[in-house]
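Worksheet for the structure shown next.
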Amino acid sequence: MQSPIRILMLVFMSILVQANGAILDSRCYLEGGGSAESFLASEDMAVGSVIGKLRVNGNPSEDDEVGDINLSLREKDAPVKITPGTKDLVLVTELDKEGVKGPASIYVDVICDRRYSSDPSFVIPVNVRVTDVNDNAPQWVGAPYSLSLSEVTVPGTRILQGAKAIDDDQQGPFSTVEYQILPGHYSMYVQFLNPLDGTLVLRRPLDYETLRNFTVRLRAQDQGTPPKFSDTTLRVNIIDADDQNPKFLEESYRGELIPEANPTQIKIFPEPIKAVDQDEGICAPIQYSIVQSPESKYFRIDSKTGELSLARTLGPSELNNPVTVIVKATQIDNNDRYAFATVSLSRPGTHSDMSVLSFVQKKFTVRVREDVNVGSRILALPTNKPGKHLKYYITDPLQAQFFSIGALGELVLKKALDYEKNVKHNFEVWATDGVNNATAEVLLDVIDVNDWEPRFRQSHYEFTVGNEVVHPNDKPSDLIIGRLEAADGDRNDRLQMTLKGQYASLFDIDSSGNLWMHMDQTINQSIIHLIATATDSGVPPRSASVPVTITMDGVAMAQTSWPSSILGLFGFVVVLFVVVILALSFYIVRMRKTPRKSRNRVHSQAHSTVSSADLVTHEKDPSNGNHMNGNGVGAGVTMSNPINAHGGSGSSLSAGASTILAASLEREAQREREQRERENYTATVRSIVSRASAAHGCPDFDPEIDRDSIINTENRISPTTKKLNWQNGKSELMSSADTIGSAENNLTVYF
């Protein structure tokens, strides 16, 4: 039951409001005059936490004595609720910025009702924005990883480019993934190209004979605080490559000829001849042959089994001295992989120990890759006294730094080979048994291996394109803006440079490293970022990249040569402009020289005025020089300035045209002033002649002279015309002039 007093008070307030509207009901309005509410909530906020308090006027208390508004939500299944009797907005479901476990944002409508009022409900929109937290760890894509590598893979080769981890957090440090190799027994074999790229490269050379496979642990970690991470494994299986020569089971063999028992049989010690491929993963089949020598014609060998026998029955005098035969074992699939072994053959009862020491060949030739390991056995140097305690020497001390010879005559590598420094090694080997000496020549060819990556002179190239334009003859349409320098340590390797980036098509790099910009395309960027990559021609190819920054600072993008059509159009415009200027100048000059008739005519009324004393009045030139007045009875002479006659009607010239015409206009003005002086003199003389003729009644005087206009330019009066008919009465005029006028107005005219 509501209190009667409270009801009366509310009714009274309602009556007052309706009476004059002086009291404003602000219930359900937002504080500050807003129309909606906004809140921020972290996605890790616990369920039941208060998101915020609604800033709405009124009291939603359940106590009727205190409360005057009701708050509720329009949505029935909203992820938030309003605590009854309060303005608190409470979370009821889990939030997730990624929208997987819960809503990524909340939009609800709050209904506010005024108690004890018939006013409609108020709708207050409420927006809850969810902020991201580092709640997701990077997840590897396609993990765990496994790959197979050949043992001849060069260090620096990219062995895995598909390793990638994705973080579901929003863009920013929480989703930025860094990669690393966890410490372990084999972690030194691989590394990531850079921490932000999942590309793996090989760090150390592989050897199938010592390591068949290995496993490393990879970690993907975000940049949160604290960071979240996930680990996976990479298993590398090493594939055996054909990188080793075959090997005989024995370094040398002995054979006895037994012609009595079997004419062609040879008994081999300590075991039958046999060679195997040292690449166990390949185990290529072997074929056998005998190296050509003077004694090889007596023997033959089975190419598959290696069984050595006599080619024919020996005569009593043949092979009485021990001989040495060289057997060669070659891989069927690769003729460059082979090995030698010596077989010393003798007939029973011969004194093999008394033979002269000699190498089985005078010249040994071998080809070796430059990346062969130090300590490897390169070549066997057999003699005709195998098994004996012989001493070997290399006569060249420089070559002795690279090679040594073992007790059994095997050539061993002491120092790493380098194709870029020496492509061949040629030296002489000397052997002695204490009594006899023997020499042989060794020729070793080094096989090039692509063991150097291209290197740029600078780690970052920056170029600025200014107003200067350089156009060599070979590329007149392009602009050279700089040069990139790169080198490769491998001999005979050629470098090819390419550009990558959004605007790479606007530029080009030639074989010399010159960076060209195509002038026939428009560039609207002030700074352009590119990646320059240099790739060598080795096998396998190696490459290196550097960033290139190009600043477009007032670039002169215009072409140095214009098309003929544009030049023709420009020439036509120039000629048209000159013609217009000349026509305008001629018009202005003519207008100034041709006066209007209404102002430039000399008027004579009847005859010139004669003073009361029968004298010709003296005509005075006004101060401005524009009019001539004859003061007399009922007559006057007026002449306007022909220059001023135009007033402001002339065309307005531009500053350039005024400059061009300044000199000509100055000369024209001078001529016009001289013309006006002549015309004033002529008018005065005519006035005097007219008066004199009227006084003497001269019939020969032409009155048309007084009536006609005197034109300043086109109709000039010649000196012969000015004389007229009154020249004939020259003496009479002089006598008449002497008798006319008083002393003060007397005027004498001489002709």
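Restricting S608, S585, S537 to residues that are modelled with pLDDT of 70 or more, surrounded by 13 or more Cβ atoms within 10 Å (Cβ to Cβ) and part of a loop (DSSP other than H, G, I, E, B) narrows the list to S537. Does the range 53-62 include one or more residues that are among the charged types (D, E, K, R), within 16 Å of N127 (Cβ to Cβ) and either touching a Cys at 6+ places or on another chain (Cβ under 8 Å) or without any contact (Cβ under 8 Å) to a residue 60 or more places away in the chain (or both)? Within the range 53-62, one or more residues are among the charged types (D, E, K, R), within 16 Å of N127 (Cβ to Cβ) and either touching a Cys at 6+ places or on another chain (Cβ under 8 Å) or without any contact (Cβ under 8 Å) to a residue 60 or more places away in the chain (or both). Would you check which residues across the range 79-98 are in contact with a Ser or Thr (Cβ under 9 Å, 6 or more places away or on another chain) and under 17 Å from V128 (Cα atoms) and list them? Of everything in the range 79-98, those that are in contact with a Ser or Thr (Cβ under 9 Å, 6 or more places away or on another chain) and under 17 Å from V128 (Cα atoms) turn out to be P79, V80, I82, L89, V90, L91, L95, K97.
Residue by residue, here is whether (1) in the same structural domain as T535 (by TED's automatic domain parsing); (2) of a type in the set (K, R); (3) over 30 Å from W452 (Cβ atoms); (4) not in a strand (DSSP E or B) holds:
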{"site": "G172", "(1), (2), (3), (4)": "no, no, yes, yes"}
{"site": "T199", "(1), (2), (3), (4)": "no, no, no, no"}
{"site": "D207", "(1), (2), (3), (4)": "no, no, no, yes"}
{"site": "F214", "(1), (2), (3), (4)": "no, no, no, no"}
{"site": "T225", "(1), (2), (3), (4)": "no, no, yes, yes"}
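Among the residues of the range 41-63, those that are in contact with a strand residue (DSSP E or B) (Cβ under 7 Å, 6 or more places away or on another chain), of a type outside the set (S, T, N, Q) and assigned to a loop (DSSP other than H, G, I, E, B) comprise E43, M45, V47, G48, L54, R55, G58, P60.
Pairs are defined by a Cβ separation below 7 Å, a sequence spacing of at least 6 or placement on different chains, a first member in the range 372-383 that is charged (D, E, K, R), and a second member that is surrounded by 12 or more Cβ atoms within 10 Å (Cβ to Cβ); the pairs so defined are R377/E410; R377/V412. The set of residues from the range 208-251 being over 28 Å from D167 (Cα atoms), in contact with an Asp or Glu (Cβ under 9 Å, 6 or more places away or on another chain) and not hydrophobic (A, V, I, L, M, F, W, C) comprises Y208, E209, R212, D240, D242, D243, Q244, N245, P246, K247, E250, E251. Select from the range 154-170 the residues that are among the aliphatic types (A, V, I, L, M) and either more than 15 Å from R217 (Cα to Cα) or assigned to a loop (DSSP other than H, G, I, E, B) (or both) and list them in ascending order. Passing the criteria: V154, I159, A163, I166. Just one of the listed residues (S118, S150) is within 43 Å of the chain's Cα centre (by Cα) and over 19 Å from F174 (Cβ atoms), namely S150. Among the residues of the range 409-436, those identified as surrounded by fewer than 16 Cβ atoms within 10 Å (Cβ to Cβ), without any contact (Cβ under 8 Å) to a residue 40 or more places away in the chain and within 15 Å of R367 (Cα to Cα) are V412, N422, K424, N426. L257 - would you say it is on the phi < 0 side of the Ramachandran plot and in the same structural domain as K304 (by TED's automatic domain parsing)? Taking the combined requirement at face value, the residue satisfies it. Looking at the range 174-197, which of its residues are farther than 22 Å from S230 by Cβ and in a strand (DSSP E or B)? Those that are farther than 22 Å from S230 by Cβ and in a strand (DSSP E or B): none in the range 174-197.
Sub-9 Å Cβ pairs linking a first residue in the range 158-176 that is on the phi > 0 side of the Ramachandran plot to a second residue that is in a loop (DSSP other than H, G, I, E, B) and surrounded by 13 or more Cβ atoms within 10 Å (Cβ to Cβ), at least 6 apart or interchain, are G172/D132; G172/Q223, ordered by first then second residue.
The set of residues from the range 284-309 being within 60 Å of the chain's Cα centre (by Cα), crowded, with 18+ Cβ neighbours inside 10 Å and among the aliphatic types (A, V, I, L, M) comprises just one member, I286. Within the range 223-268, being surrounded by 14 or more Cβ atoms within 10 Å (Cβ to Cβ) and among the hydrophobic types (A, V, I, L, M, F, W, C) holds for F229, L234, V236, I238, I239, A241, F248, L257, I258, I266, I268.
Restricting to the range 485-534, name every residue that is under 14 Å from the mean Cα position of the chain (by Cα), part of a loop (DSSP other than H, G, I, E, B) and at pLDDT 85 or above. Matches in the range 485-534: G501 only. Across the range 291-336, the number of residues qualifying as part of a strand (DSSP E or B) and over 28 Å from V276 (Cβ atoms) comes to 0. Can you confirm whether A311 is of a type outside the set (V, I, T), outside the structural domain of L206 (by TED's automatic domain parsing) and in contact with a Pro (Cβ under 7 Å, 6 or more places away or on another chain)? No, not satisfied. A single entry from G102, G85 fulfils the requirement of being part of a loop (DSSP other than H, G, I, E, B), touching an Asp or Glu at 6+ places or on another chain (Cβ under 6 Å) and either aliphatic (A, V, I, L, M) or under 20 Å from L30 (Cβ atoms) (or both): G85. Selection of the range 437-460 for residues being in a loop (DSSP other than H, G, I, E, B) and either among the aromatic types (F, W, Y) or surrounded by fewer than 14 Cβ atoms within 10 Å (Cβ to Cβ) (or both) yields W452, R457, Q458, S459, H460. Taking the criterion of being surrounded by fewer than 16 Cβ atoms within 10 Å (Cβ to Cβ), in the same structural domain as E65 (by TED's automatic domain parsing), aliphatic (A, V, I, L, M) and more than 30 Å from V449 (Cβ to Cβ), would at least one residue in the range 180-197 satisfy it? No: the range 180-197 contains no residue that is surrounded by fewer than 16 Cβ atoms within 10 Å (Cβ to Cβ), in the same structural domain as E65 (by TED's automatic domain parsing), aliphatic (A, V, I, L, M) and more than 30 Å from V449 (Cβ to Cβ). Is it the case that some residue within the range 147-159 is acidic (D, E), surrounded by fewer than 17 Cβ atoms within 10 Å (Cβ to Cβ) and not assigned by TED's automatic domain parsing to the domain that holds S49? No - not one qualifying residue is present in the range 147-159. Contact annotation: residue pairs with Cβ atoms under 6 Å, 6 or more positions apart or on different chains, pairing a residue in the range 228-251 that is more than 30 Å from I332 (Cα to Cα) with a partner that is of a type in the set (D, E, K, R), are K228/D222; F229/R219; D231/R217; D231/R219; T233/R217. From the residues in the range 40-69 that are surrounded by fewer than 18 Cβ atoms within 10 Å (Cβ to Cβ) and under 13 Å from Y29 (Cα atoms), which one is farthest from the chain's Cα centre (by Cα)? Per the criteria, the residue is N59. So for the range 407-416 (the condition being more than 60 Å from the chain's Cα centre (by Cα) and on the phi < 0 side of the Ramachandran plot), does at least one residue qualify? Yes.
The values are calculated or read from the model by the stated rules, or taken from the named source; none is laboratory data. These numbers were taken from a predicted model, which means no experiment stands behind them. No Cβ is skipped: glycine too gets one built from the backbone with ideal geometry, and neighbour counts run over all protein chains shown.
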